[in-house]
Amino acid sequence: MSTALPRFMSPGDTVLVPVTITNTTNKTASINAKLLTTAGVQVAGSNTATTSIEGKREGRVLFKLFAPASIGTANIKVEINGLGEQFLDETDISIRPASTLQKLNGAQVIPANTAQVLRMNTLDFIPQSLNYTLTVSRNPLLELGGQLQYLVQYPFGCTEQTVSVAFPQLYFSDLSDMVHTQKGLQKSANENVAEAIRKIKMRQLYNGGVTLWDNESQESWWTTAYAAHFLVEAKKAGYEVDRSLLETMLNYLNNKLRNKELVAYFYNRNLQKKIAPKEVAYSLYVLSLAGRPAVAAMNYYKTNQKDLALDSRYLLSAAYTLAGDKASAKALLPGSFAGEEAVASTGGSFYSDIRDEAVALNALIDAEPTNTQVGVMARHVAAKLKGRSWYTTQECAFGFVALGKIARKSGATNATAVVTVGGKQVGMMSGAPLQLTKAQLNSTNIQITSKGNGNIYAWWQTQGISASGAYKEEDSYLKVRRSFYDRFGRPVSSNSFKQNDLIVVKLTLEKTYSGTIDNVVLTDILPAGFEIENSRIKELPGNEWIKDASNPLHTDIRDDRIHFFTNLNGRQTFYYTVRAVSPGTFTIGPASADAMYNGEYHSYHGAGTIKIVQ
């Protein structure tokens, strides 16, 4: 017997389940079939069927399954009785949302010796899909728990992003473990650091530079400096770093400093000037941090300060301090981080106003931790991070590392906290951070009482699937659209397909912005009835009708989705093929496009349902 099921289902899906039964005897068999399920799915119609199968022949019975509004894993069992014997076929199937889970989080400060009520927001999440956690700590960084979680659960893996995930975990592995809600997918801090070192080594070119993605032939200067910075810090933290790997990267940075080019820099919304690339000062800082100051280049830019952006002057000053020349450092250090605000860049050195001040703050803490600017800049960075609904991996990584260093230097307190629900104590924090789960809390209405000489910091997250299935469809500087074709290029005008059809999926991406938007990720989440057949459309026989296929920088294929990564400087089109494998009615989520280094640039469009018929 063989039961045909899709690899997963989504809430609201209906699937036809054919069960093929082979009679290997010479006798005609009267078959009684029964379908049993656990709570994750329901049988639509009868869960029993009968048929008669002649000897040495096959027969089939048909059932229908429905996925209600819940997520998790369901068990499906088919019982076949015939010829005095019983046969069982058992399958586990994942029930996952058609689009990503919605997540909400918030933070609260409980002053010393006070009690506060904390209420978690759950919107209209389906009760069965709802999950939540509460973390309580003495560490003020917990106010930025959302930003740290964004890092440790970041889904993509270019070199910059991999390093950004690992960098804060050199110092704050305990908190990163606390805010990671996808426990089944969680990697330890040591694993993330080791993975970052492995990817850096794998992506290094012959000249010492490091690429953003696998199999690229062009290195990224900023990424190389960033990776070298991480390796220097990882080595200090006790991790094993290949000496030749780091040395060749530092040599690459030295060689890049020979070129005294100037590039366009956009700041204060609509102003522009020519500056030395931001990679220059960052490279000088990293080289000094590694004990290899490039004094000649440092002196050149000390003489030509007009060519440096505001954050670059902080980095050059720190490079001089680390090299032992405090007089030059003092002369270069700006009086305040003010008067120049970068317009966010989606490529190159990935700069933004938050990232630049966080980079400068981190360098100042390393070089002169008692400088009076440290407190002011720390408040700026923290306020900007807390005030944003989106951020880049660069902003989060540098912000968290810089603020974390300050938090560590501020000294420990003896503050304790008691967490109660309905007057009953459910947890106590007296040292290490406390994390409480939904099972422990059993409520989103909580009271926290603090005692001692310091503040208590609480961070919560709820996640679930909206009962209405609503999502925000919008085009913000980007525009993504999805359409379907048969293998010969004829448009499929309806959302109805025949089982076993080969379908060409076309994703078009445009921008409503005059400049180039770098590092865009285009994501298409498949409905349960489709399976990816081939992402390499050029290998499809009869594909001559496809004239406008773009080449992505990188493609990431998973069981239930595909990601294309690209730099967008005009209209681009991506194709891949799927097979309609399971008959039924299925929910399809929106196609999405996001600029990974500027969340303001995004597009979500095209959710609905598809039908696959036999």
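Structural remarks
- Taking (1) out of contact with any helix residue (DSSP H, G or I) (no Cβ under 6 Å at 6 or more places or on another chain); (2) open to solvent by less than 10 Å² (accessible area, probe 1.4 Å); (3) under 26 Å from residue 567 (Cα atoms); (4) of a type outside the set (Val, Ile, Thr) in turn, residue 310 satisfies each apart from (3).
- Of all residues in the stretch 424-442 being open to solvent by 50 Å² or more (accessible area, probe 1.4 Å) and of a type in the set (S, T, N, Q), the one that is nearest to residue 136 (Cα to Cα): 430
- Selection count where residues are part of a strand (DSSP E or B) and either modelled with pLDDT of 90 or more or outside the structural domain of residue 479 (by the TED database) (or both), scope the stretch 526-556: 6
- The single residue among 323, 281, 358 that is within 30 Å of residue 243 (Cα to Cα), in contact with a Gly (Cβ under 6 Å, 6 or more places away or on another chain) and not β-branched (Val, Ile, Thr) turns out to be 358.
- Selected residue (criterion: nearest to residue 584 (Cα to Cα)) from residues of the stretch 31-57 that are surrounded by fewer than 14 Cβ atoms within 10 Å (Cβ to Cβ) and more than 47 Å from the chain's Cα centre (by Cα): 50
- Note on the stretch 404-423: among residues that are in contact with a helix residue (DSSP H, G or I) (Cβ under 6 Å, 6 or more places away or on another chain) and under 19 Å from residue 109 (Cβ atoms), the one that is least open to solvent (accessible area, probe 1.4 Å) is 404.
- Residue that is nearest to residue 353 (Cα to Cα) [pool: residues in the stretch 249-264 that are open to solvent by less than 40 Å² (accessible area, probe 1.4 Å) and assigned to a helix (DSSP H, G or I)]: 253
Every residue, every condition in (1) farther than 30 Å from residue 573 by Cβ; (2) open to solvent by less than 20 Å² (accessible area, probe 1.4 Å); (3) modelled with pLDDT of 90 or more, yes or no:
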{"position": "468", "(1), (2), (3)": "yes, no, no"}
{"position": "481", "(1), (2), (3)": "no, no, yes"}
{"position": "486", "(1), (2), (3)": "no, no, yes"}
{"position": "491", "(1), (2), (3)": "no, no, yes"}
{"position": "500", "(1), (2), (3)": "no, no, yes"}
{"position": "513", "(1), (2), (3)": "no, no, no"}
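- Looking across 106, 84, one residue alone is farther than 30 Å from residue 386 by Cβ and not basic (Lys, Arg). It is 84.
- Of the residues making up the stretch 443-461, those that are part of a strand (DSSP E or B) and either within 16 Å of residue 115 (Cα to Cα) or open to solvent by 40 Å² or more (accessible area, probe 1.4 Å) (or both) are 445, 446, 447, 448, 449, 450, 451, 456, 457, 458, 459.
- The number of residues in the stretch 265-301 being in a loop (DSSP other than H, G, I, E, B) and without any contact (Cβ under 8 Å) to a residue 40 or more places away in the chain comes to 4.
- Meets criteria (crowded, with 17+ Cβ neighbours inside 10 Å and under 19 Å from residue 347 (Cβ atoms)) for residue 517: yes
- Boolean, residue 64 is assigned to a strand (DSSP E or B), outside the structural domain of residue 524 (by the TED database) and either open to solvent by 60 Å² or more (accessible area, probe 1.4 Å) or farther than 28 Å from residue 561 by Cβ (or both): yes
This table checks each residue for (1) open to solvent by 50 Å² or more (accessible area, probe 1.4 Å); (2) closer than 28 Å to residue 9 by Cα.
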site	(1), (2)
565	no, yes
573	no, no
590	no, yes
614	yes, yes
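- Candidate set: the stretch 71-92, residues that are closer than 18 Å to residue 7 by Cβ and open to solvent by less than 40 Å² (accessible area, probe 1.4 Å); chosen: the one modelled with the lowest pLDDT: 72
- On inspection, residue 464 does not qualify as assigned by the TED database to the domain that holds residue 565, farther than 14 Å from residue 418 by Cα, open to solvent by less than 70 Å² (accessible area, probe 1.4 Å) and not aromatic (Phe, Trp, Tyr).
- Qualifying residue in the stretch 217-225 (condition: open to solvent by 40 Å² or more (accessible area, probe 1.4 Å), of a type outside the set (A, V, I, L, M, F, W, C) and at negative phi): yes
- Top-ranked residue of the stretch 10-30 - restricted to ones that are under 22 Å from residue 48 (Cα atoms) and in a loop (DSSP other than H, G, I, E, B), ranked as most open to solvent (accessible area, probe 1.4 Å): 28
- Meets criteria (in contact (Cβ under 8 Å) with a residue 40 or more places away in the chain, of a type in the set (S, T, N, Q) and part of a loop (DSSP other than H, G, I, E, B)) for residue 582: yes
- The stretch 265-290: number of residues that are over 19 Å from residue 323 (Cα atoms) and open to solvent by less than 40 Å² (accessible area, probe 1.4 Å): 6
The values are calculated or read from the model by the stated rules, or taken from the named source; none is laboratory data. Not measured: the values here are computed from a predicted model. Glycine gets a Cβ as well: all are built from the backbone with ideal geometry, and neighbour counts include every protein chain shown. SASA here: full protein model, heavy atoms, side chains in, ligands and nucleic acids out. Shrake-Rupley method; radii C 1.70, N 1.55, O 1.52, S 1.80 Å.
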